1. Using helices alone, what [θ] at 222 nm do you get for the chain, with -39,500 (n - 2.57) per DSSP H run of 4 or more residues, divided over all residues and rounded to the nearest 500?
2. Check which residues have an amide H placed less than 5 Å from residue 267's amide H, if you skip close sequence neighbours.
3. Could you check how many percent of all C-alpha pairs in the range 494-549 are farther apart than 14 Å?
4. Out of the total accessible area of the chain (probe 1.4 Å, heavy atoms of protein only), what percent is carbon and sulfur?
5. Mind checking which of 352, 525, 275 is farthest towards the positive end of the chain's charge dipole, using Cβ charges of +1 (Lys, Arg) and -1 (Asp, Glu) about the Cα centre?
6. Taking θ = phi - 60°, what integer Hz values does the Karplus form 6.51 cos²θ - 1.76 cosθ + 1.60 yield along the range 339-352, in sequence order, with x for Gly and Pro?
7. So what are the ³J(HN,Hα) numbers for the range 626-643, from phi and the Karplus equation (6.51, -1.76, 1.60; θ = phi - 60°), rounded to whole Hz, Gly and Pro as x?
8. Take peptides 584-592, 367-375, 397-405 and line them up by average Cβ neighbours within 10 Å, highest first, as a rough protection proxy.
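The values are calculated or read from the model by the stated rules, or taken from the named source; none is laboratory data. These numbers come from a predicted model, not from an experiment. Cβ placement follows ideal geometry from the backbone for every residue including glycine, while neighbour counts extend to all protein chains displayed. Keep in mind that these areas ignore ligands, DNA and RNA; they rest on the heavy atoms of the full protein, side chains included. Shrake-Rupley method; radii C 1.70, N 1.55, O 1.52, S 1.80 Å.
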Amino acid sequence: MPSAPRSVTIPGRILYVTEDPALLERQLAGENLPRDPERALMGNISTDELTPGWVCYYFDETLARFCLVGLRGGKVQKDAIKSGGFGVIVSGISKGCGSSRETAPYSELKSGVRLVIAKSIEKIYRQNAQNIGLFTSTDFGLIERIEKGEAIPIEEFTKGLDAISAAIVEHGGLFAYNRARLAGQTSPPVITTPARPMNLCEKILAAHVIADAKSGKLGVAAVKPGDAFFARTDVRFSHEYVTPMAESLFVAEMGNDATVTDPESVWAFRDHLTFLDLVMPKAHRDMGLKEQAEKLATVQESFTKRQGVKLYGEVERDGKLVGSEAICHNKVIEELALPGQLVTGTDSHTCMAGALGCFAFGVGSTDMANAWYTKDVRVTVPETAKFTLRGRLRPGVCAKDVMLHILSQPFFKTGDGIGKVLEFEGDGIRHLSLDERATLTNMAVEAGGFTGIIAADDVVVDYLVAQRGLRAEDVRERIVQADPGAEYVATFDISLSSIEPMVATPGDPRNGIPLRDLPAVPIQIAYGGSCTGGKKADMDMYASVLKDAVARGKRVKEGVHLYIQFGSQDIRRYAESQGYLEVFKAAGAELVDPSCGACIKAGPGVSDSPDQVTVSAINRNFPGRSGPGKVYLASPLVVAASAIEGMIVAPRGRVGPSLPPRA
């Protein structure tokens, strides 16, 4: 096997993704801009902008033709990056925020880009780039050297990386690294960290370290931030948006006869594109995207049948297909994950399962393809920020408001929170239901975080006993607690009684402001759903506001469309048992069966015009995420109240959080 190269020359032009659209257009037309440190660069470029949802219907090199077509401003057209001869893309803070889709860096790589330079780079995007051989750096000093044609030592791209990540970069990707590892040419470092007080994520990771690959021995005395290793997964899952690309990588690397190891711990979901046919625009149908999207589901179904993997698919009611069994994240909590486990999924919101006290995080296609074969995933122990929540929420305020407040803080808006674990604790947590806790862990990734996690307690035990029929003592034995004296990179003390209704203005979940500071904003769409806003507790909140409105003789405002979408069939059954379906219908809401739907621009609730305004209970509002319109993020209470009033408003009276907490 040839040795890895020690330096690389980056050919091609340099594209500066500027805030000034005219400068961007000039570069796309062929002009090369000189270096200018004062030039304003676009920040927070999400993976939705790199490869919008509809582009992800492809899972091969066709992706290169659509690189950056979703970039805000609409200046980048099909083939612009691929035909532009660009070898380097330069941008501002938080490059690659949002979704874990590996299609984003893959589209850049296959369009000819070899290096991405940004002021800060999001954790999942960076890892996906490493896995496929796309260089990344935050060193703007490289630009002048590249322009001179200098051969750049590989070490420039491994600065600050752990030993495994550095080796993956040096070998040109994860699969090449694994081939070298299996050939005995390289090996992961031995973890020698002595016993020390550990926080919650460190304790779970220490128990899952593969200490001896040959014997299968797991666990080490301790880990610390920066330690790198391969860890044994307990749960691996993917969905139709990603499974086909992961399978193509799996077969290309392992061969046509490759089999998934321990398929009983692998699950697949048909949940993202279930209702796509209802909202796909004619232009996309004319491009053949309907057939391409349908192929994702059929490829996944074929894969699961061949490999013996359980597929949570679509369900029938009264003899008709009505939707998905569940959004993957809701089902992982309902049926799959347990306290103390290590959970990986091909979706950035995998972290939602951290509400059960497990270490759950999103990975890309290459990581999952590798994990199907090895059951392992590479991990660099992250730093953890601790959020101590105290007291109780005021009526009309819920966990969504807490997260929008947290995300608006400088720690996250400046990018300092990138790659960090958000560990929530305090007596305020004990007053929140499991569903409300899941909102906190789900949205940890919106800060660029690694994951969110909350130590399991009696709320979790009671839920798992009632939901799955588990024995309480068995669940308690699995609970992991942080050690006294554990270290945290930052600590935050939050009085829940000081939190008020919040809203995140369009463009980024970190744009949170108190709702009282928002000027009057008329709306056309109110959307209550997604993994974040489609839980049982969310249904309680929608129902409390709408029941009050109906009792006052009010319905959804004329000119406004309210959608309520369930996160799983179990949640729908709960809503039905509580009489909520009748309340929702009486208020004028349209009910939608489970699917990611509008959150991924693939179902009822999407906008179809830039002039439309949506108030939404989803977790992110990056440009184009739910259509061309403007999306304000808010709580289920605000979404329902706004639908009644026709503009973004706080709920009236004592509703929602004053209800008894439930899972």
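1. On the way: 26 runs with 212 residues, N = 663.
Taking each H run of at least 4 residues, the total per residue is -8500 deg cm²/dmol.
2. Correct list: 236, 237, 238.
3. Tail fraction, whole percent: 72.
4. Working: 11650 of 23630 Å².
That fraction is 49 percent.
5. Going by the Cα projections, it comes out as 525.
6. Computed from phi, the couplings for the range 339-352 are x, x, 7, 10, 10, 10, x, 7, 7, 5, 8, 3, 4, 3 Hz.
7. Those phi angles translate into 10, x, x, x, 8, 10, 9, 8, 7, 6, x, 5, 5, 4, 5, 5, 5, 4 Hz.
8. On the way: 584-592: 19.3, 367-375: 23.3, 397-405: 26.9.
Ranking the peptides 584-592, 367-375, 397-405 by packing returns 397-405, 367-375, 584-592.
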